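Enquirer: Take a look at this one; I'll ask things after.
The values are calculated or read from the model by the stated rules, or taken from the named source; none is laboratory data. Quantities reported herein were computed from a predicted structural model and do not represent experimental measurements. Quick reminder, even Gly has a Cβ in these numbers, built from the backbone with ideal geometry, and neighbours come from all protein chains shown. Heads up: the accessible areas ignore ligands, DNA and RNA and are worked out on the full protein's heavy atoms, side chains in. Shrake-Rupley method; radii C 1.70, N 1.55, O 1.52, S 1.80 Å.
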Amino acid sequence: MLSGCRRALPAALRLAVRGWAGGGGRRRVSTSWSPVGAAFDAKQQRSRLTGQSTGLFGVPELSSPEGFQEAQEKALQETEQLVQKACTTPPGPQIVMIFDQLSDALCRVADLADFVKIAHPDFAFREAAEETCRNIGTMVEKLNTNIELCQSLKQLLADKEVMDSLDPETRQVAELFMFDFEISGIHLDEEKRKRAVDLNVKILDLCNQFLIGAHLPNKIDKQILPEHIRYNFAVEGNYIQITGLHADCSDDLVREAAYKIFLYPNAEQLRCLEELLTSRNHLAQLVGYNTFAHRALQGTMARTPEKVMQFLETLSDRLFQRTLKDFEMMEGMKMKLNPQNSKLMPWDHPYYSGVLRAERYNIEPSLYCPFFSLGACMEGLNFLFNQLLGISLYAEQTEKGELWCEDVRKLAVVHENEGLLGYIYCDFYQRADKPHQDCHFTIRGGRLRKDGEYQLPVVVLMLSLPHSTKNSPTLLTPGMMENLFHEMGHAMHSMLGRTRYQHVTGTRCPTDFAEVPSILMEYFASDYRVVNQFARHFQTGQSLPKSMVSRLCESKKICAAADMQLQVFYAVLDQLYHGEHPLKRSTTEILKETQEKFYGLPYVPKTSFTEMQLLQKEPEGQTAHDLLPPYKSHQYNPLKQMDI
Ligand SMILES: [Zn+2]
């Protein structure tokens, strides 16, 4: 694997570093850098207000929404020139370099737009970014089926002598580019290639439509809900808006109502889902795969759906008895708290497992929060990276127009010998219209440029943390702290996976490998030796007692089997939806059967998961991850289809 290693810092790449004057191993800090912890605990650190606007992320065109059009046109122009160049260059390492430049020209705009369309508070920016994503996406599909372009790569791959002379990294990247042509149907005749492009564009649109639908609240006549629970929801005239599952609410009836109403099947969403699955299947078959799952899994460590199903079935078998015990415990607790209605239902799982954890280990978040101020956690991460990797994080002053929201912080990631490695923008605080999803976005991939300088990677970490108040800084629950560590794992993967080519940089690796560094970071977040370094009471400075860290770790084992069983159920459902077509039953019937077989809690009639982001399947975007709050959400993967 090219980009997998966490410590992939090739000594060959001595970097030219902006704002960095490293030498003799002594660290000198740029004047615009400040300590990371203070930047997060202090009030607003504003961008420079004077001077000209630099544009979002320092991209000059993006000072206004209209700039997206300009950035897009520039990228498309550059693409055209590079395609020409690729088609006229003789076989050699140059070809791989040109392909990577081509991919970079498109990704630099598309990845940035992909983030802005989701996160910018200004609708005009979101709309412009969306349009750019669509146009560049279409261009990528066209290039992936461009015969002449493919031919130049083929010539290189066929030339044994030249191939043998290439270094392994260049060879592998050449093969990966060819793989992208193949899964896009380059081998087909012209008419079929055109159909593949059309299908890809249609799939992109359906995905967008499905995602928008998944976030929409469901509205019902308020008379339908018992009066005493209405206050839990937003009331609009005669209607009640249900925006989510209210999984943490202590009232069983509120959770039940939220579950049944929020997941009530929506005919339009169901149609969109089925059309999406059918289109994905058509595309996969058109380019020579049995199913979409085969196509999506080919480039991963798991490789085939057969292996995935085998793994999930074995896992499910092994979990089964333990899951039953967990459900029995939850049911026992429900019986104790609500004797009239003690049957365990799907809306009870997150809540009662939480009650059990709290009862056994007294892990009330409010006991922990004061020890986990955001500043302290960031210092903790800084300390950890320093010890493990010789890396420090500094808050950097931002320029006018660089940020989309003033509470975003920009971190410079600096290695003791290599210098500045890249930038992490921390978009950590809640705001209206911002998705409640913890995500990592690649904005720009790292690569060695032709002039010998290294293009520094830029990423965004998005969380939804509360703002500080008059009396306290932002305080994190243990769950939020763990998520912060997880997402930071993705960011560091992006900073450290320094490859010559951006096509395989950082998290642009097999999707099932991309979670490895982050899962490792979760282990650090629950190790006393790490936590003890930073968890200090924000008022008294007292450290978090060892017994409290142990209780937290022990509590994670409670109901862990049932939690994993739920993930198995989602994964199997994903496999079935993207498996053999035509589907033998409706998507809702498959959901019911799978839930009964692989989860164990009863299916609730008239619910479907079309309100959820179940179908985020690579290569269309996010990976399918944990679906029900309060389980963690995950990384936002770079659009793989952008990597032509
Ligand atoms: Zn993740």
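Enquirer: Report, in listed order, any pair from K325/K546; K334/K546; K325/K556; K222/K606; K343/K597 with a Cα-Cα distance greater than 24 Å.
Expert: K325/K546; K334/K546
Enquirer: Here is a further query. Points 7 angstrom from Cα along the Cβ direction at A38 and N532: gap in nanometres?
Expert: For A38 paired with N532, the spin-label model returns 2.8 nm.
Enquirer: On to the next question. As a test question: what accessible area, to the nearest 10 Å², does H187 have when a 1.4 Å probe is rolled over all protein chains in place?
Expert: About 110 Å², rounded to the nearest 10.
Enquirer: Next question. By its C-alpha gyration tensor, with a ≥ b ≥ c as the square roots of the eigenvalues, how is region 125-186 shaped: rounded for a/c under 1.5, else prolate for a/b larger than b/c, else oblate?
Expert: prolate
Enquirer: Using alpha carbons only, how many angstrom separate the centre of region 383-438 from the centre of region 301-344?
Expert: 38 Å
Enquirer: Which whole-Hz ³J(HN,Hα) couplings does region 462-475 yield from phi under the Karplus relation 6.51 cos²θ - 1.76 cosθ + 1.60, θ = phi - 60°, glycine and proline marked x?
Expert: 10, 10, 10, 8, x, 6, 5, 10, 4, 9, 8, x, 4, 10
Enquirer: Rounded to the nearest 0.05, what FRET efficiency is calculated for F123 and R230 with R0 set to 30 Å and r the Cβ-Cβ distance?
Expert: 0.45
Enquirer: Could you state how much accessible area T243 has, in square angstrom rounded to the nearest 10, with a 1.4 Å probe and all protein chains kept in place?
Expert: For T243, solvent-accessible area is about 90 Å².
Enquirer: Among rounded, prolate and oblate, which fits the chain when a ≥ b ≥ c are the square roots of the eigenvalues of its C-alpha gyration tensor, a/c under 1.5 means rounded, and a/b larger than b/c means prolate?
Expert: oblate
Enquirer: Ranked by accessible surface with a 1.4 Å probe, highest first, in what order do R447, R360, R431 come?
Expert: Most to least solvent-accessible, the answer reads R360, R431, R447.
Enquirer: How would region 314-366 be classified by its alpha-carbon gyration tensor: rounded, prolate or oblate, with rounded meaning a/c under 1.5 and the a/b versus b/c comparison settling the rest?
Expert: The shape class here is oblate.
Enquirer: Here is a follow-up. Got a number for the accessible area of L245? Probe 1.4 Å, square angstrom, nearest 10.
Expert: 20 Å²
Enquirer: In deg cm²/dmol, rounded to 500, what helix-only [θ] at 222 nm does the chain give when every DSSP H run of at least 4 residues adds -39500 (n - 2.57) and the total is split over its residues?
Expert: Mean residue ellipticity, 222 nm, calculated: -16000 deg cm²/dmol.
Enquirer: Another question, then. Per residue of region 85-90, what does 6.51 cos²θ - 1.76 cosθ + 1.60 with θ = phi - 60° give for ³J(HN,Hα)? Whole Hz please, x for Gly and Pro, Karplus curve as stated.
Expert: Ordered by residue, 3J(HN,Hα) equals 5, 4, 6, 10, 9, x Hz.
Enquirer: Among residues other than R536 whose Cβ falls under 15 Å from its Cβ, what is the net charge (Lys/Arg +1, Asp/Glu -1)?
Expert: Summing Lys and Arg as +1 and Asp and Glu as -1 gives -1.
Enquirer: For region 286-412, with all protein chains present and a 1.4 Å probe, just round the carbon and sulfur fraction of the accessible area to a whole percent.
Expert: Carbon with sulfur: 53 percent of the solvent-accessible area.
Enquirer: Separate question: Measure out, as a whole number of angstrom, how far apart the alpha-carbon centroids of region 123-192 and region 531-569 sit.
Expert: Their Cα centres are 45 Å away from one another.
Enquirer: Could you tell me which GluC sites (Glu not before Pro) in region 358-434 are loop residues by DSSP with no more than 11 other beta carbons within 10 angstrom of their beta carbon? Intermediate values should be presented prior to the final figure.
Expert: Details: sites: E359, E379, E396, E399, E402, E406, E416, E418; in loops: E399, E402, E406, E416, E418.
Passing sites in region 358-434 are E406.
Enquirer: Still on this model: Give the whole-number value, in cubic angstrom per residue, of the convex hull volume spanned by the C-alpha atoms of region 403-478.
Expert: Given the Cα convex hull of region 403-478, per-residue volume reads 138 Å³.
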